[in-house]
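In what follows, a structure is listed as structure tokens, so that the remarks can point back to it.
What follows draws every value from the coordinates through simple rules; no lab data is involved. Everything quoted here is computed from the prediction, not taken from an experiment. Counting neighbours? That spans all protein chains shown, and the Cβs are built from the backbone with ideal geometry, glycine included.
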Amino acid sequence: MAQEQERLKQNRPPREGGGGGRGAPRADRPGGGPPHGDRPDRGDRGERRGFDRGRPEGPPEIELEKLIGDSLYLDNQAHAVVSRMRDMDSGTKSQLRRLYSAVRRAVRAPESERQHEFVMLRARLAYTIARHGLRSLDQLEKLLLQVTRKNDNRGYERFKDLFEAIVAYNE
């Protein structure tokens, strides 16, 4: 049986593109690699495909250090997020309140669990943004990443304060 299959493979015409089979290096590609047909070079793969196509650049990121040190900055950022929400999204107040409840729970978590809670909160926020098209909350997701990386209680508290202000101004 194995001899029969081998004989059939040898009688096949060669594949288009000159590929020598699975995983065989190709002479026409630097470094070899599996064949990919006549696909044009896609350039740098560092960016996610299809991301930000045609979408104008959003507002500047919220700076964590300013947020921690300046209450007026926090207030201004909360107003800016709510303004963008009203212009861009159809998010409901209950969605925001649900997320705010999750933020409060994460802040109250034991210190050993707090960073994990905020990591999961970021995943939940990302899901909500994608599911409901809440692009105005993209800044909050980026800020949450900064807060989680820093893993500082003041950062967690300020993020909660910012979210509280957003909920309040959205009422």
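Here are the numbers:
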| read-out | value |
| --- | --- |
| Of the criteria (1) in contact with an Asp or Glu (Cβ under 6 Å, 6 or more places away or on another chain); (2) in contact (Cβ under 8 Å) with a residue 24 or more places away in the chain, which one Ile68 fails | (1) |
| Wholly enclosed helices (runs of 4 or more DSSP H) of the range 93-171 bearing at least 1 residues buried (at least 18 other Cβ atoms within 10 Å of the Cβ) and in contact with a Gly (Cβ under 7 Å, 6 or more places away or on another chain) | 138-150 |
| Test: residue in the range 73-86 that is under 14 Å from Phe159 (Cα atoms), in contact (Cβ under 8 Å) with a residue 12 or more places away in the chain and surrounded by fewer than 13 Cβ atoms within 10 Å (Cβ to Cβ) | no |
